[in-house]
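*Asks:* This is the structure I want to talk about, given as structure tokens.
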Amino acid sequence: MKRRLLPLAAALLGVGSALTVTGSVAGSIPADTRVSGWAVSASGQPVQEIVSAPVSGGTFRLDLPASAPGPRAQSALTPQNVSWPGVLDPVTVSAPAQTAELKFFVYRDGNGNGQHDEGETLREVGVNAGRGTLFVAWVSSDVTVKANRGYQATLKRGWNAFVVEVGRAVKVAPFLDGEVEVLLNPGR
């Protein structure tokens, strides 16, 4: 099942600021569907629901809080645990920091309480922006991550969003305001 999200916009409101992701879903989906952003473990398992929003009239808006994810969702940012899109060894990290990666999921809010509950199946969705992948991470302090094939991501304290394009070289660009066609690919 594929869902198309048409204009997806993210606004970075400055250092340590919140991040807003909005979009629309083409095609029919159940009325109780929610889009959610989860801080995930190093192995990609959802640990903490950071934000969720209903899909209403085919659109949604996710306002990530400016606050840090909980301690259980954070891990030390080290060259050994960076498994972000496009990252290939060798990896360098410019300064010590804590991090949390955000992944997107959809679920049906069966009881209508506006949050994920046990028994409501999470389905991971990959968010592709143009020819790249939308990647969102939180860091505790300013840091730059470099890796093979030209990968370089400069993150500011707080939530950061990037479009990562992998080809002969890896292009990492901040995801700024604007319209981007996005394809939502449910995980298997």
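*Asks:* In square angstrom, rounded to the nearest 10, how much accessible surface does W38 have for a 1.4 Å probe?
*Replies:* Surface accessible to solvent at W38 totals approximately 20 Å².
*Asks:* What accessible area, in Å² to the nearest ten, does a 1.4 Å probe give for S41?
*Replies:* Roughly 40 Å² of S41 is accessible to a 1.4 Å probe.
*Asks:* For a quick check of understanding: with a 1.4 angstrom probe and all protein chains in place, what accessible area in square angstrom does D89 have, to the nearest ten?
*Replies:* For D89, solvent-accessible area is about 120 Å².
*Asks:* Which ³J(HN,Hα) values in Hz, rounded to whole numbers, follow from the phi angles of segment 151-163 under the Karplus curve 6.51 cos²θ - 1.76 cosθ + 1.60, where θ = phi - 60° and Gly and Pro get x?
*Replies:* 3J(HN,Hα) across segment 151-163, in whole Hz: 5, 8, 10, 9, 10, 9, 3, x, 7, 10, 10, 9, 9.
*Asks:* Please give the length that would be gained between R108 and R61 if that part of the chain were fully extended, namely 0.36 nm times their separation in residues minus their C-alpha to C-alpha distance (nm, one decimal).
*Replies:* On the way: separation 47, 0.36 × 47 = 16.92 nm, distance 1.65 nm.
Full extension of this stretch gives 15.3 nm more.
*Asks:* Right, next: Can you list the residues of segment 36-71 with backbone N under 18 Å from a point 7 Å past the Cα of R157, pointing along Cα to Cβ?
*Replies:* Answer for this model: 65-71.
*Asks:* Further question on the same structure: Tell me whether segment 23-134 comes out rounded, prolate or oblate; compute the Cα gyration tensor, take square roots of the eigenvalues as a ≥ b ≥ c, and use a/c under 1.5 as the rounded threshold. Intermediate values should be presented prior to the final figure.
*Replies:* Numbers: a/c = 2.41, a/b = 1.70, b/c = 1.42.
Prolate.
*Asks:* While we're here: Keeping every protein chain in place, order K146, K103, K171 by accessible area at 1.4 Å, biggest value first, i.e. largest first.
*Replies:* Working: K146 95, K103 50, K171 120 Å².
Sorted descending by solvent-accessible area, the residues read K171, K146, K103.
*Asks:* Return the long-range amide H neighbours of D142 (sequence gap of 5 or more, or a different chain), with a cut-off of under 5 Å between placed amide H atoms.
*Replies:* Residues meeting the criterion, in which the H sits 1.01 Å from N, are R157.
*Asks:* Please work out the C-alpha center-to-center distance from segment 106-125 to segment 48-71 and express it in whole Å.
*Replies:* Value for the Cα centre distance between the two parts: 13 Å.
*Asks:* For segment 48-181, what is the accessible area per residue in Å² when the probe is 1.4 Å?
*Replies:* Values: 6870 Å² over 134 residues.
Accessible area per residue, segment 48-181: 51 Å².
*Asks:* Whole-Hz ³J(HN,Hα) for each residue in segment 38-47, computed from phi via Karplus 6.51 cos²θ - 1.76 cosθ + 1.60 with θ = phi - 60°, x for glycine and proline: what do you get?
*Replies:* Here the 3J(HN,Hα) series is 10, 6, 10, 6, 4, 8, x, 7, x, 10 Hz.
*Asks:* Oh, and also: Between Q115 and I29, what's the calculated FRET efficiency when r is the beta-carbon distance and R0 is 22 Å? Round to 0.05.
*Replies:* Numbers: r = 18 Å, r/R0 = 0.84.
Efficiency computed from Cβ-Cβ geometry: 0.75.
*Asks:* Give me the percent of accessible area attributable to carbon and sulfur for segment 34-105, probe 1.4 angstrom. Present the calculation step by step, with values, prior to reporting the outcome.
*Replies:* Values: 1780 of 3310 Å².
So the carbon and sulfur contribution to the accessible surface is 54 percent.
The values are calculated or read from the model by the stated rules, or taken from the named source; none is laboratory data. Because the structure is a prediction, the values reported are computed rather than measured. Here the Cβ is made from the backbone with ideal geometry for all residues, glycine too, and neighbour counts use every protein chain on show. Just the protein is used for accessible areas: all its heavy atoms, side chains included, with ligands, DNA and RNA removed. Shrake-Rupley method; radii C 1.70, N 1.55, O 1.52, S 1.80 Å.
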